[in-house]
Structures are given as C-alpha cells and as structure tokens.
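The values are calculated or read from the model by the stated rules, or taken from the named source; none is laboratory data. Predicted model only: the values in this text are computed from it and were never measured. In this analysis, Cβ positions are derived from the backbone assuming ideal geometry, glycine residues included, and neighbour counts consider all displayed protein chains. Side chains are part of the model used for accessible areas, which takes the heavy atoms of the whole protein and leaves out ligands, DNA and RNA. Shrake-Rupley method; radii C 1.70, N 1.55, O 1.52, S 1.80 Å.
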Amino acid sequence: MNLENGISLVLSGGGARGAFHLGILQALDELKIPIREISGASIGAIVGAFYLAGKTPIEIFDFFDSYKFRDVLKLNIFKGSLFRIDTKHKFFDEMLGEFKNIEDFPQPLHVSITDIKEGVVLYCNKGDIKKIVTASGALYPIFETVDIGEGKFMDGGVMDNFPLQPLLNTKYRILGSNLHPNVYKPKQSTITRALFLTSMTHGMKEKIKRCDYYLAPRELANHNILSLKKLDKLFTLGYEEAKRILTPQLFIHDKT
C-alpha cells in the first residue's frame with residue numbers, strides 16, 4: 001500500500017483554522033496523491049464537500065477569504081442564534097455545482113452531525129449536502145441548529161470532532177488533520193472550555209494511533225477559530241506540514 005494508490009482523509013472541525021485543511025489539500029494535489037475518501041466534522045465537512053464537488057483548494061480558499069462567504073452568513077439574533085448560513089444563496093450553489101446529495105460525489109464523504117434529541121453522533125454519507133454539512137457546522141448558539149426530517153441537529157464536532165470511525169475499514173493510508181492540537185493555556189482554562197475540549201479530545205490517543213499520518217502542529221493554537229484575518233498563514237502552514245511529511249514518503253517509494 002503506497003501513497004500513489006491514494007489516501008483517506010480525516011478533517012476535524014475548527015472554524016477559520018479550516019484554511020489549514022486547504023493547504024494540505026493543495027499539497028496533495030501537487031504531489032498527485034489521489035484522495036479516495038473524506039470524513040469530516042464542521043468546517044472539515046464543508047471543505048470536504050466543496051473539494052469533492054470539484055473545487056480546487058485555491059478556489060475554496062478564495063471563497064472563505066472573500067465577501068462571498070460573509071454574504072452567505074446572515075444575522076439571526078432574534079431567532080435564537082448569532083448567525084445562520086443561507087444555503088439558498090447563489091454562492092453556495094456555485095461551490096457545489098451540480099451536486100445535490102452526498103452520494104452523488106465521485107468519492108465517499110462522511111459527515112459527523114450531532115443529533116440533539118437523541119444525544120448521539122451520526123455519520124452521514126447520504127442525503128442533502130447543504131442540510132447535512134450545514135448541520136455539521138452549526139455550533140450553537142453561534143449558528144442555528146438544522147432540522148432534517150423530524151430531527152434537530154447541530155455541530156458534529158460536539159460529539160466527534162475527529163471522525164475517524166467511518167474510515168476504520170479503508171484500504172488506503174489515513175491522513176488525519178486536527179485543528180485542535182492538545183495545547184491548554186492557563187488563561188483559557190475555564191470550566192466551559194475544559195468541558196468542551198474534553199469532549200473534542202475524547203479517545204484521541206487511540207485515533208491518532210490509527211492514522212498513518214497525523215497533522216496537528218502546536219502553532220494552530222495561536223489562531224482564533226472565529227477570525228478570518230490570517231487565513232493565508234493557516235493555508236501555508238497546512239501546505240508546508242503536508243509537504244514535509246509526505247514528500248519523503250514518495251521519494252523513498254520511488255527509490256525502492
């Protein structure tokens with residue numbers, strides 16, 4: 001099993017830090033490593049959906065780094081959340097193109113979402129793309145929850161922010177990109193934050209062991225997950241980290 005055959009990706013949630021994922025995707029494209037399957041939570045699911053819809057990492061980066069993304073966000077203060085994502089906006093359709101359902105993508109996409117009523121995490125690989133990826137990124141009360149059928153759903157990262165589970169039987173090597181490195185700063189150690197981080201990092205040691213490659217540089221912790229000001233630095237960080245660990249592997253394979 002080598003990288004030329006392809007790789008499966010786990011893309012965690014982490015708001016604006018998602019630009020790090022895009023840097024990794026750019027490196028994979030340049031190294032000509034096929035992406036066979038993606039499992040994502042929150043921004044990881046959104047990035048994965050746009051990528052499998054045929055958008056390049058640069059095109060996705062430009063979407064988040066422009067007025068387009070800001071135009072998709074609508075104030076929702078009087079309806080229970082700070083924002084809502086306008087999935088009917090033309091820019092959202094531009095990013096997804098002809099794809100309507102997850103199963104229509106050329107490669108599998110698994111999206112973690114949290115079922116509020118049942119208190120469980122679900123891994124969706126079928127259904128309405130817009131609703132499911134929006135639900136996966138709906139970190140309440142920043143974003144409103146999403147109704148799908150008779151259920152009510154929110155951010156998949158609340159229950160599983162690093163959704164490795166759907167890829168456990170993959171025949172390809174697994175690369176995990178985690179936007180929340182295990183860095184705890186005393187000034188941020190509130191009870192609420194501690195509980196949230198505990199939820200997100202549950203079982204991470206075993207998950208990391210199952211990854212063939214794992215990227216979660218400590219520098220990520222210096223970037224606010226809600227700030228769009230340093231997306232270029234996050235993109236570059238992801239690109240350089242992926243090139244650093246993957247290029248030697250390709251070189252070794254070529255020489256053997």
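Measure nothing but the geometry: give the 0 to 90° angle between the long axis through the Cα atoms of 19-30 and the longest principal axis through the Cα atoms of the chain, rounded to 10°.
On a 0 to 90 degree scale, this one is about 30.
State, to one decimal in nm, how far the label point of T56 lies from the label point of N224, with both points 7 Å from Cα in the Cβ direction.
Modelled inter-label distance: 3.2 nm.
Choose one of H89, G54, Q249: the residue whose Cα lies farthest towards the positive end of the charge dipole of the chain (beta-carbon charges +1 Lys, Arg; -1 Asp, Glu; about the Cα centre).
Final value for the positive-end residue is Q249.
Mind checking the angle between helix 43-52 and the chain's longest principal axis? C-alpha axes, 0 to 90 degrees, to the nearest 10.
That works out to roughly 60 degrees.
Take every Cα pair under 8 Å in the chain that's 6+ residues apart, average their separations, divide by the length, and report that relative contact order as a whole percent.
28
By the gyration tensor of its Cα atoms, with a ≥ b ≥ c the square roots of the eigenvalues, what is the shape of the stretch 207-251: rounded for a/c under 1.5, prolate for a/b over b/c, or oblate?
Here the stretch 207-251 falls in the oblate category.
Computed over the Cα atoms, what is the radius of gyration of the chain divided by 2.2 N^0.38 Å, N being its residue count?
So the Cα radius of gyration is 0.96 times the expected 2.2 N^0.38 Å.
Leaving out ligands, DNA and RNA, what percent of the accessible area of the chain is carbon and sulfur, probe 1.4 Å?
Ligands and nucleic acids excluded, carbon and sulfur give 54 percent.
Amide H to amide H, which residues 5 or more places from K152 or on other chains are under 5 Å from it, using H placed in the peptide plane?
I116, K117
Put +1 on the Cβ of each Lys and Arg and -1 on the Cβ of each Asp and Glu in the chain; which of I148, Q165, L237 then has its Cα farthest toward the positive end of the dipole?
Projecting each Cα onto the dipole axis, the largest value belongs to L237.
Any lysines with Cα under 26 Å of the K152 Cα? List them, leaving off those in the same chain fewer than 8 positions away.
K74, K79, K88, K90, K100, K117, K126, K130, K131
Aspartates and glutamates near K233 by alpha-carbon distance under 18 Å, same-chain residues fewer than 8 away left out - which ones?
Counting by Cα, and skipping residues close in sequence, K233 has these aspartates and glutamates nearby: E59, D62, D65, E219, E241.
From the phi angles alone, apply the Karplus equation (6.51, -1.76, 1.60; θ = phi - 60°) to the stretch 90-107 and give each ³J(HN,Hα) in whole Hz, x where the residue is Gly or Pro.
My calculation for the stretch 90-107 gives 4, 5, 5, 5, 4, 6, 9, x, 7, 7, 10, 10, 4, 5, 7, 5, x, 10 Hz in order.
If you average the sequence gap of Cα pairs under 8 Å that are 6 or more apart and divide by the length of the stretch 1-135, what percent do you get for the contact order?
24
Could you tell me which residue out of L73, G137, N178 lies farthest along the dipole of the stretch 35-188 toward its positive end? Charges go on the beta carbon: Lys and Arg +1, Asp and Glu -1, centred on the Cα centre.
N178
How large is ³J(HN,Hα), in whole Hz, for each residue of the stretch 144-161 in order, when computed from phi with the Karplus curve 6.51 cos²θ - 1.76 cosθ + 1.60 and θ = phi - 60°, using x for Gly and Pro?
6, 5, 10, 8, 10, x, 9, x, 10, 10, 9, 2, x, x, 5, 9, 8, 7
Give me the accessible area per residue for the chain, probe 1.4 Å, as a whole number in Å².
50
Can you give me the Cα centroid spacing of the stretch 199-241 and the stretch 1-66 in angstrom?
Distance between centres, Cα-based: 13 Å.
Identify the trypsin sites (Lys or Arg not before Pro) of the stretch 1-82 meeting these criteria: DSSP loop state and at most 14 other C-beta atoms within 10 Å of the C-beta.
Those that pass, being in a loop and sparsely packed, are K32.
For n ≥ 4 DSSP H runs only, could you compute -39500 (n - 2.57) per run for the chain, divide by its residues and tell me the 222 nm figure to the nearest 500?
It comes out at -11000 deg cm²/dmol, rounded to the nearest 500.
Mind running the shape call on the stretch 19-134? Use the C-alpha gyration tensor, a ≥ b ≥ c as the square roots of the eigenvalues: rounded below 1.5 for a/c, prolate if a/b tops b/c, oblate otherwise.
In terms of gyration-tensor shape, oblate.
For a test of the definition: using alpha carbon positions, the gyration tensor, and the 1.5 limit on a/c, classify the stretch 91-165 as rounded, prolate or oblate.
prolate
What's the magnitude of the charge dipole for the chain around its Cα centre, counting Lys and Arg as +1 and Asp and Glu as -1 at the beta-carbon? Answer in Debye, nearest 20.
With only Lys, Arg, Asp and Glu charged at Cβ, the dipole is about 740 debye.
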